[in-house]
Amino acid sequence: MILIGQYDSPFVRRVGIALTLLDMPFEHRPWSVFGNADLIRPLNPLVRVPTLVLDDGDVIFDSASMIDWIDNVAGAESALLPRQEPARRKAVARMTLATGICEKAVSLFYERRLHAEKSKIWEQRCIMQIEGGVAALEAMQHEIAPGRPLDHAGIAAACMMRFLDEAHAGEHFTRHAPELAAYCAELERLPVFQSVSQAFIPPA
Ligand SMILES: N[C@@H](CCC(=O)N[C@@H](CS)C(=O)NCC(=O)O)C(=O)O
């Protein structure tokens, strides 16, 4: 299978980390949605990353769908989300908050980078949503019991944290989230987080 997209995308990175953790072999093509749009478009009409091309040629289009497929193929024993409720829905809530924050962080980045005339209303809305999401995640940190196995929620949080810190360095979005920051810093020290990583490259 082929994972398309650069690891400075928190969405691509979380899929790459999950595949690596689960020992699912894949080829990585670090194509840019802007610079390599012509390569991505024939595989994904949305021209977005991550794009996951399976061995039978089928394509999966969104990181949430990829995570769902990866866990399904890995099987219940290996899947990277708790199986029991309410632990499962709580982990899913943290995971979707983290990826939701990333959606807003990408949107804020594009607003500032790609629009000659920026919308203050949109910028402030994104900032409010990111700050709210980070505060909510910080408040949920107590749900992660020490020694609990790494799951998709933790992976998504660490990928989110790195993206906020690098793509929006001036905003210091995580300054009021010390527990979340410490948890993510600990994950970033793991070999899989170090190997599946790339410093942020702004689109040209
Ligand atoms: N919901 C998508 C979000 C992916 C996303 O926003 N990817 C960005 C790169 S970080 C992208 O493809 N941007 C180009 C575009 O949206 O046109 C996912 O989880 O895969």
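None of the figures in this text is laboratory data; all of them are computed from the coordinates on show. If you're wondering where the values come from, they're calculated on a predicted model, not measured in any experiment. Methodologically, a virtual Cβ is constructed for each residue, glycine included, from the backbone with ideal geometry; neighbour enumeration extends over all protein chains shown.
Annotations for the structure displayed:
- A Cβ-based charge dipole, computed about the Cα centre of the range 43-151 with Lys and Arg at +1 and Asp and Glu at -1, lands at about 520 debye.
- Cα centroid separation - the range 63-140 against the range 174-204, whole Å: 15
- Separation in nanometres of the label points that stand 7 Å from Cα toward Cβ, at VAL47 and ILE201: 1.8
- Of the residues LEU114, LEU180, PRO191, the one whose Cα sits farthest toward the positive end of the charge dipole of the chain, with +1 on the Cβ of Lys and Arg and -1 on the Cβ of Asp and Glu, is LEU114.
- A Förster radius of 22 Å, combined with the Cβ-Cβ distance separating GLU85 from SER65, puts the computed FRET efficiency at roughly 0.50.
- Exposed-loop-free span, longest in the chain, where GluC sites (Glu not before Pro) count as exposed if DSSP calls them loop and at most 13 other C-beta atoms lie within 10 Å: 118-204
- For the chain, the spread of Cα positions along each principal axis, largest first, Å: 51, 42, 27
- Against the empirical 2.2 N^0.38 Å (N residues), the range 49-116 has a Cα radius of gyration ratio of 1.42.
- Label point distance in nm, LEU190-ASP165, each placed 7 Å from Cα along Cα→Cβ: 1.6
- Distance histogram for the range 95-195 (every C-alpha pair counted, 10 angstrom bins, percent rounded to whole numbers): 15, 49, 26, 9, 1
- Shown here are the Rg and Dmax of the Cα trace of the range 1-118, at 15.4, 51 Å.
- Dipole moment magnitude, nearest 20 debye, the chain about Cα centre, only Lys, Arg, Asp, Glu C-beta charged: 460
- Packing-based exposure ordering (other Cβ within 10 Å, fewest first) of LYS104, LYS120: LYS120, LYS104
- Mean residue ellipticity at 222 nm, helices only, the chain: -17000 deg cm²/dmol; runs of at least 4 DSSP H residues each add -39,500 (n - 2.57), and the sum is divided by the number of residues.
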